[in-house]
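Since the structure comes first, as structure tokens, the remarks are kept for the end.
Each reported figure results from applying straightforward, stated rules to the coordinates on display, with no laboratory input. None of the values given here were measured: they were computed from a predicted structure. Cβ: placed from backbone, ideal geometry, glycine included. Neighbour counts: every protein chain shown.
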Amino acid sequence: MPGIAYPELPYDFAELEPAMSRDALWFHFSQHQRGCFDRAMALVQGTEFEHLALEDLLRATARAPKHRAVFCHAAGSWNHNFFWKSMRPGGGGEARGLIAECIRARFGSYADFAREVKDKAARLFGNGWLWVTWKAGAIRIVATANADTPIVRGHVALLALDLWEHAYYLDHQNRRTAYVTTFLEELVDWDFANRNLAGVIEAPPAPRSRRGRDARVARGTASGSRAP
Ligand SMILES: [Fe+2]
């Protein structure tokens with residue numbers, strides 16, 4: 001993928017410990033994502049897609065079956081970039097700021113939101129991703145299979161969680177829910193989510209019972225997302 005550089009992690013490999021081990025992060029970033037990125041680069045070299053930005057490449061290939069391999073590897077790269085930024089050392093805990101208000105408006109409470117995150121993650125069969133997104137004026141929890149990404153269907157990505165087994169097997173073996181719980185309690189970067197959210201709304205929506213009366217969503221149906 002000439003012109004698209006391999007990303008840098010926003011923290012050192014050991015900085016997420018003990019929530020995520022150095023080995024787990026090193027293998028994930030340096031081996032799994034690297035393989036996905038290098039394959040994408042090889043697939044687009046010498047093609048019409050060679051000089052596109054990564055996000056433009058996703059949009060150009062998402063609905064073209066003949067470009068499925070390009071899309072999958074490019075989306076895998078984009079998803080990982082976004083996932084790294086969805087975590088930070090010393091992260092986790094209950095949501096705060098604008099996204100906390102949006103979560104309460106949509107789910108009633110943070111506890112209900114966290115329960116649905118864990119439930120959707122547990123019910124995703126095989127490999128995939130769990131997302132917190134913004135679409136049509138509300139927060140969404142979206143599960144996608146394999147390398148699929150919701151940003152090609154009008155969602156604004158706020159947070160991503162890699163649910164491929166390679167993401168958690170070294171630290172949690174087959175216990176996916178333990179990994180998701182650790183992400184929520186010790187890793188998630190709510191400030192990152194709030195920065196993404198601030199790009200699409202100016203004020204939180206009203207709670208469900210009041211929605212439609214005084215919700216002041218300004219650009220809640222905007223599509224796309226900030227590049228990771
Ligand atoms: Fe991964």
- request: Output the number of residues of the stretch 129-170 satisfying the condition of being at positive phi and either out of contact with any Gly (no Cβ under 6 Å at 6 or more places or on another chain) or within 16 Å of the ligand (Cβ to nearest atom) (or both).
  value: 3
- request: Look at Ala69 and say whether it is hydrophobic (A, V, I, L, M, F, W, C), part of a helix (DSSP H, G or I) and surrounded by fewer than 15 Cβ atoms within 10 Å (Cβ to Cβ).
  value: yes
- line: Within the stretch 95-112, residues crowded, with 19+ Cβ neighbours inside 10 Å and part of a loop (DSSP other than H, G, I, E, B) come out as Ala95
- request: Would you confirm whether any residue within the stretch 110-117 is within 10 Å of the chain's Cα centre (by Cα) and under 21 Å from Asp189 (Cβ atoms)?
  value: no
Options Gly76, Gly92; residue that is touching a residue at least 12 places away in the same chain (Cβ under 8 Å), at positive phi and either buried (at least 19 other Cβ atoms within 10 Å of the Cβ) or outside any helix (DSSP H, G or I) (or both): Gly92
query: Taking Tyr110 and the conditions (1) of a type in the set (Ser, Thr, Tyr); (2) out of contact with any Cys (no Cβ under 7 Å at 6 or more places or on another chain); (3) in contact (Cβ under 8 Å) with a residue 12 or more places away in the chain; (4) within 16 Å of the ligand (Cβ to nearest atom), which numbered condition does it fall short on, given that it satisfies the others?
result: (4)
message: Quick test of your reading of the structure: Glu8 fulfils all but one of (1) in contact (Cβ under 8 Å) with a residue 12 or more places away in the chain; (2) closer than 19 Å to Leu161 by Cα. Name the failing condition by number.
response: (1)
message: Any residue in the stretch 36-56 that is of a type in the set (Asp, Glu) sitting within a Cβ distance under 8 Å of a residue that is more than 16 Å from the ligand (Cβ to nearest atom)? List the pairs, counting only those 6 or more apart or interchain.
response: Glu50/Met1; Glu50/Pro2; Glu50/Gly3; Glu50/Val44; Glu55/Ile151; Glu55/Gly224; Glu55/Ser225; Glu55/Ala227
query: Restricting to the stretch 11-59, what's the tally of residues that are within 16 Å of the ligand (Cβ to nearest atom) and not in a helix (DSSP H, G or I)?
result: 4
Condition met for Ala69 (touching a helix residue (DSSP H, G or I) at 6+ places or on another chain (Cβ under 8 Å), more than 13 Å from the ligand (Cβ to nearest atom) and closer than 26 Å to Asn196 by Cα): no
